[in-house]
Structure formats: C-alpha cells, structure tokens
Amino acid sequence: MTDDWEQQIKAQIRQRYVVQAGDATEGTARTIEHGYPAELINELPPVLVAAYSGCGYLFAGLEFKGNETVVDLGAGAGLDSWIVASHLTNGTVYSVDMTFEMLEKVNSQQLTINLLPICADIENVPLANCCADLVIANASFNLAISKEHAFAEAHRILKPGGRLVARDLIKEGELPPEILTDPLSYNTSLGGALEEHELAAEMAKAGFKNITVSDHWEFSYVQSVKIEASAR
Ligand SMILES: C[S@@+](CC[C@H](N)C(=O)[O-])C[C@H]1O[C@@H](n2cnc3c(N)ncnc32)[C@H](O)[C@@H]1O
C-alpha cells in the first residue's frame, strides 16, 4: 500500500465529512433508531445531532465517576464526546478527528463542558502515553487505513486498566462485487470493514485484553457491533 494511495483515500474521507451537514429531524430519527434515548437527544445541540454519522449508541450500561479522561477517536461533530462530557464533573474529553469542519461543529457551541477538539489522525494521536481512562470510537476504526496503527494508538493512550468502548462495522465474508469495484467504497465505511476474527486479531496484536464483540445488527451490506476491551 503506497503513501500516495493512503493520502488519496484520506482526502476522499475528509471531502465526504466536510459536507456532512445533515438535518436535525433526520439526525434525531437516525440517532433514536440507533438506540440513543430520545430524552437525551432532545437535550443535545441540534447541529451535533444532525451531523451524527455513527453506527449505534455506545453508552448503555456505562457508568462514569466524573473525573475520567476520555478520548473520542474519529469524533466527527462530537455528539458522543458531548454526551460523555456532560457526565463529567471534573474530567476531560478529547475529540480527535482529521476533518476540521466536523470538529468545528462542536467547537462552535458554547462549551460549558470540558471538551477539547483535536484535529489529528487517529493513526498518530498527539496525546501522551497512558493518559486516558476510556477511549471511545463510533464508526471510525473501519475508516483507518492502518488498523494496526489505529488500535496501537488507542492502546498506547489508555492507562493500565483503561477501557475501549466502540461501535464499528464488520463484514461477513466478501462484500458484493458492486461494492468491491466501487473506488469510493472505503469512504462509505464499507471498503475498510474487517471480519470479526480479523478485528479481534488486530486488537489483540495491539495489546488489548478481554475483547468482546456483541450486539450485532444489520447495517447496509455489513453489521454494526459493539466492541469492548481492556488495556493491559
Ligand atoms: C462515520 S464518521 C463517525 C463520526 C462520529 N464518531 C459519529 O458517531 O458521528 C467517521 C469520522 O472519522 C473521521 N476519520 C476517518 N478516518 C480518520 C483518521 N484516520 N483520523 C482521524 N479521523 C478520521 C472522519 O473524519 C469522520 O468524522
């Protein structure tokens, strides 16, 4: 895989998310369909709900002490970052995304919560080793050109005992020919999807333990799953 090819795909991904404006009504319907509680969505900034482009609700059963450091990898417009930040009394959420225009949506809100957008590549995260209690990621690992680098970075920034909670897309066997031959299939989140065993193997290679993949549901040609793991 050449650097040139990687840069072209990343440029296409950025172009796609630069124009991910969305409509608040559609965003509300999509998030509720994806498991976000309606009463929660109604309290969130409409511009963030409108630009939601994840593949499911991450936070069922997740509890916060209030002082955690949380990193949202591929945060997009920051809907999940915002939800976490509003649970923290004394913690910080870093929202990492390479598409500046997506981060601008959360950055343009009156931030009364501790949320810091960082425009960067999730394959090379500008945060210190062992700084995070929790890493979250919603539909972004599939877009990483090097899953190896992305999972290694997620693991590197987690404290010992820290956790990864993500939703992502996995495929079952080969995708249909119309997807495989579509040069844009990578940035529509299909071309980069791994099979479940490949995903678990990449995560284990990065050092993750107690990897679980659960809550499978159909998502276009692939499946959306919840991924949980612990660091070290
Ligand atoms: C499908 S969207 C999901 C956004 C957000 N997590 C959500 O649930 O709305 C994927 C996001 O990942 C970002 N992304 C893709 N590849 C990336 C990379 N290598 N580094 C940083 N961000 C990346 C895109 O810019 C986009 O905002």
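The values are calculated or read from the model by the stated rules, or taken from the named source; none is laboratory data. Small disclaimer: the values here were computed from a predicted structure and weren't measured. All Cβ positions, even for glycine, are placed from backbone atoms using ideal geometry, and neighbour counts span all protein chains on display.
Mind checking which residues of segment 63-80 are under 16 Å from the mean Cα position of the chain (by Cα) and within 16 Å of residue 37 (Cα to Cα)?
The answer is 79, 80.
Looking only at segment 94-116, count every residue that is closer than 26 Å to residue 207 by Cβ and within 14 Å of the ligand (Cβ to nearest atom) and tell me the total. Please lay out each step first, then the result.
Of all residues in segment 94-116, those closer than 26 Å to residue 207 by Cβ come to 94-98, 116.
From what's left, within 14 Å of the ligand (Cβ to nearest atom): 94-98.
Count: 5.
Which residues, counting only those in segment 117-155, are more than 15 Å from the ligand (Cβ to nearest atom), of a type outside the set (Asp, Glu) and not in a loop (DSSP other than H, G, I, E, B)?
Across segment 117-155, the qualifying residues are 132, 155.
Keeping to segment 16-28, report how many residues are part of a helix (DSSP H, G or I) and surrounded by 14 or more Cβ atoms within 10 Å (Cβ to Cβ). Working first, answer last.
Narrowing segment 16-28 to residues part of a helix (DSSP H, G or I): 16-18, 24-28.
This time we only want the ones that are surrounded by 14 or more Cβ atoms within 10 Å (Cβ to Cβ), so: 16-17, 24, 27-28.
Result for segment 16-28: 5.
Restricted to segment 166-179, and to residues that are crowded, with 20+ Cβ neighbours inside 10 Å and of a type in the set (A, V, I, L, M), which residue is farthest from the ligand (Cβ to nearest atom)? Before you say what the answer is, go through the steps one by one.
Start the filter on segment 166-179 by keeping residues that are crowded, with 20+ Cβ neighbours inside 10 Å, which leaves 166-171.
Next cut, of a type in the set (A, V, I, L, M) only: 166, 169-170.
Details: 166: 9, 169: 9, 170: 14 Å.
If we take residues in segment 166-179 being crowded, with 20+ Cβ neighbours inside 10 Å and of a type in the set (A, V, I, L, M), then 170 is farthest from the ligand (Cβ to nearest atom).
Any idea which of 206, 200 is closer than 22 Å to residue 9 by Cβ and within 20 Å of the chain's Cα centre (by Cα)? Steps first, please.
Working: 200 fails: closer than 22 Å to residue 9 by Cβ.
Only one candidate passes the filter, namely 206.
Under the condition of being among the hydroxyl-bearing types (Ser, Thr, Tyr) and touching a helix residue (DSSP H, G or I) at 6+ places or on another chain (Cβ under 6 Å), which residue from segment 17-53 is farthest from the ligand (Cβ to nearest atom)? Before the answer, list the steps.
Initial filter on segment 17-53 (among the hydroxyl-bearing types (Ser, Thr, Tyr)): 17, 25, 28, 31, 36, 52-53.
This time we only want the ones that are touching a helix residue (DSSP H, G or I) at 6+ places or on another chain (Cβ under 6 Å), so: 17, 28, 31, 52.
Numbers: 17: 4, 28: 14, 31: 9, 52: 4 Å.
Ranking the candidates gives 28 first.
Quick one: is residue 50 of a type outside the set (D, E, K, R) and in contact with a Pro (Cβ under 7 Å, 6 or more places away or on another chain)? I'd like the intermediate steps shown before the answer.
On the way: of a type outside the set (D, E, K, R): yes; in contact with a Pro (Cβ under 7 Å, 6 or more places away or on another chain): no.
Spelling it out, it is not the case that residue 50 is of a type outside the set (D, E, K, R) and in contact with a Pro (Cβ under 7 Å, 6 or more places away or on another chain).
State yes or no: is residue 185 in a loop (DSSP other than H, G, I, E, B), within 28 Å of residue 62 (Cα to Cα) and either modelled with pLDDT under 95 or in contact with a helix residue (DSSP H, G or I) (Cβ under 7 Å, 6 or more places away or on another chain) (or both)?
Considered against the rule, which asks whether it is in a loop (DSSP other than H, G, I, E, B), within 28 Å of residue 62 (Cα to Cα) and either modelled with pLDDT under 95 or in contact with a helix residue (DSSP H, G or I) (Cβ under 7 Å, 6 or more places away or on another chain) (or both), residue 185 comes out as no.
Please tell me if residue 81 is part of a helix (DSSP H, G or I) and within 30 Å of residue 185 (Cα to Cα).
Numbers: part of a helix (DSSP H, G or I): yes; within 30 Å of residue 185 (Cα to Cα): yes.
Against the criterion (part of a helix (DSSP H, G or I) and within 30 Å of residue 185 (Cα to Cα)), residue 81 qualifies.
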